[in-house]
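What follows is calculated from the coordinates using simple rules that are stated; it is not laboratory data. Only a predicted model underlies this, so the values are computations on that prediction, with no experimental measurement involved. Using ideal geometry, Cβ is built from the backbone for each residue, glycine included, and neighbour counts are taken over all protein chains shown.
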Amino acid sequence: MALSISLDVTAKTLTVGQTVTLVPTVTILDDSNSAETVTWTSSFSAIASVDVNGVVTAKAKGNATITATATANTAKKAVCTITVQNVADGYFKAAGTYRVGTDIPAGEYIMLVDANAFIPLGSYEVTTAPNAQIGTPEFLYNGNFSTRRYILVNSGELGRAIEEKLGQRP
């Protein structure tokens, strides 16, 4: 039976979309060497959810408490306070066309649509063509989305964000 339980992280600040894996340590009372399992819960799943493996996903701005409870002794619990922040507006570039390696660095980017827009829909295109023409052999991919989308761009590519903000993922 569990004597105590602790987590490797007791407080964490995340940006919407980020994840962290919490690792529990359970001290067993007897010498049975039995593997003590834990169950995970979130006080506000809409802000930060947690899966059966302790992976916490930041979903919306706010605070949530993640609790690990020993299954054989539910009186034994450990908590981690999660603070979720939105990505700062100054972090974003306006919708537009950007040459990767010149205008923006290569890397992973998040694109966010204004949820208050008349039609909250965004789209993007990535190409290696100098004039970003769709249908050319250099065209790589495009897509539409309604809330957020992550894309990975490399030096020399041209990315166009239409009707949304573009920010490099932290």
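Amide H contacts of Val9: Val23, each under 5 Å away and 5 or more positions distant or on a separate chain (H built 1.01 Å from N in the peptide plane; Pro and chain starts excluded).
A simple count of charges around Ile82, restricted to other residues whose Cβ falls under 15 Å of its Cβ and scoring Lys, Arg +1 and Asp, Glu -1, yields +1.
Ser42 sits among other residues whose Cβ lies under 14 Å from its own Cβ, and their net charge, with Lys and Arg +1 and Asp and Glu -1, is +2.
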